[in-house]
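Written out below as structure tokens is the structure these notes cover.
The values are calculated or read from the model by the stated rules, or taken from the named source; none is laboratory data. Note that the structure is a prediction, hence the values are computed from the model and not measured. Note that each Cβ is placed from the backbone with ideal geometry, even for glycine, and that neighbours are counted across all protein chains shown. Only protein heavy atoms, including side chains, enter the accessible area calculation; ligands, DNA and RNA are left aside. Shrake-Rupley method; radii C 1.70, N 1.55, O 1.52, S 1.80 Å.
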Amino acid sequence: MKRLAILAAVYLGLSVVGGAVFTERVVHRATRNPITVNDRAAAADLAATPGASLETVSVSGDDGAALRGWLSTPGPPNTHPLLLLHGITSNRAAMTSAARLFLEAGYRTLAVDLRAHGDSDGEYGVSGPREADDARRWIAW
């Protein structure tokens, strides 16, 4: 009877841990919202501002994931760049309106797709150490 109780406790413990890991992966799996043709057109419209330019840029995450973004540079730019981050299940196109406001004020803006969002690589999009490192990589860039 004692062995059966120990076996049941081990089974229960492994089931709880396995269930937690499975749930963590399901809950944090990103619903990818890809960049559309309309999104690209709206971003290209930013470059229509006199003297402005739009460039697609990328950096690599610590695991080699390609992270992509749009760099908008006004003409002439001031010395204050801004990093624009979108919300969960969104993409960098959601920041186009904000980028336009800052661009018109002379700010260079970098709107990026977070890991597993838009055109960036990655399987899971969570707010954790890897994503914090991704943001540091963009800032260093």
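Quick look at the values:
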read-out	value
Count - residues of region 53-75 that are touching a Leu at 6+ places or on another chain (Cβ under 7 Å), touching a residue at least 40 places away in the same chain (Cβ under 8 Å) and hydrophobic (A, V, I, L, M, F, W, C)	3
For P50: the one exception among (1) exposed (fewer than 14 other Cβ atoms within 10 Å of the Cβ); (2) touching a residue at least 12 places away in the same chain (Cβ under 8 Å); (3) over 15 Å from the mean Cα position of the chain (by Cα); (4) not in a loop (DSSP other than H, G, I, E, B)	(4)
Only listed residue being at pLDDT 90 or above and either open to solvent by less than 90 Å² (accessible area, probe 1.4 Å) or under 12 Å from the mean Cα position of the chain (by Cα) (or both), chosen from I35, I88	I35
Region 99-121: number of residues that are open to solvent by less than 30 Å² (accessible area, probe 1.4 Å), of a type in the set (G, A, S) and over 14 Å from I35 (Cα atoms)	2
Hits in region 57-93 - residues which are touching a helix residue (DSSP H, G or I) at 6+ places or on another chain (Cβ under 9 Å) and either part of a helix (DSSP H, G or I) or of a type in the set (S, T, N, Q) (or both)	S60, S72, T73, N91, R92, A93
Scan of region 122-141 for residues that are assigned to a helix (DSSP H, G or I) and open to solvent by 80 Å² or more (accessible area, probe 1.4 Å), ordered by number	P129, R130, R136, R137, I139, A140
Subset of region 53-85 [modelled with pLDDT of 95 or more, under 14 Å from the mean Cα position of the chain (by Cα) and open to solvent by less than 30 Å² (accessible area, probe 1.4 Å)]	V57, V59, A66, L67, G69, W70, L84
